[in-house]
1. So how do 1, 75, 103 line up by other beta-carbon neighbours within 10 Å, fewest first?
2. Calculate for the chain the 222 nm mean residue ellipticity that helices alone would give, adding -39,500 (n - 2.57) per DSSP H run of length 4 or more and normalising by residue count, nearest 500 deg cm²/dmol.
3. Report, to the nearest 10°, how far helix 15-24 tilts away from the longest principal axis of the Cα atoms in the chain, using its own Cα long axis and a range of 0 to 90°.
4. Sorted from largest down, what three extents in whole angstroms do the Cα atoms of the stretch 66-125 have along their principal axes?
5. By how many degrees, 0 to 90 and rounded to 10, does the Cα axis of helix 109-124 deviate from the longest principal axis of the chain?
6. Counting only C-alpha contacts under 8 Å and six or more residues apart, can you give the relative contact order of the stretch 32-125 as a whole percent?
7. For the chain, with a Gaussian network of springs between Cα atoms less than 10 Å apart, report the residue from 61, 79, 100 with the top mean-square fluctuation.
8. Hey, could you grab the Kirkwood Rh for the chain? Inverse mean 1/r over distinct alpha carbon pairs, Å, one decimal.
Ligand code: SF4
């Protein structure tokens, strides 16, 4: 097998794209669901692009997501717990009725555990 990835990817990355990101965004504090605010962990539009900034246009800065009290997504996202250690996993929380973000999208940790568990059970039967 020969890795062809190096034909398209350079060690320095996509420099024009990086320059564009630096031109439009500045690094800023961000609140992450289930974890809370992490200093300098996200992007915000620079002042030159304020007319496109939904946070300024719609005054949504104080909106906070209400997490289910059953959901331990923050611990899962930090690697402190596994999805199947959540008491709601596969019962109150499923891909059809997710309580937290990791169960919503198919690549979310809880959804992946849920589907992989099904796959393992099918293989064993
Ligand atoms: S199984 Fe559901 S409730 Fe539990 S951590 Fe994952 S998303 Fe949250």
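Computed from the coordinates by the stated procedures, all read-outs in this text should not be read as laboratory data. What you are looking at is a predicted structure, and each value in this text was computed from that prediction instead of being measured. Cβ: placed from backbone, ideal geometry, glycine included. Neighbour counts: every protein chain shown.
1. Numbers: 1 3, 75 15, 103 28.
Neighbour counts put them in this order, fewest first: 1, 75, 103.
2. Values: 4 runs with 35 residues, N = 125.
Value at 222 nm, helices only, nearest 500: -8000 deg cm²/dmol.
3. 80
4. 39, 23, 20
5. 30
6. Numbers: 71 pairs, mean separation 19.6, N = 94.
Here the relative contact order equals 21 percent.
7. 61
8. Values: mean 1/r = 0.0555 Å⁻¹.
The answer is 18.0 Å.
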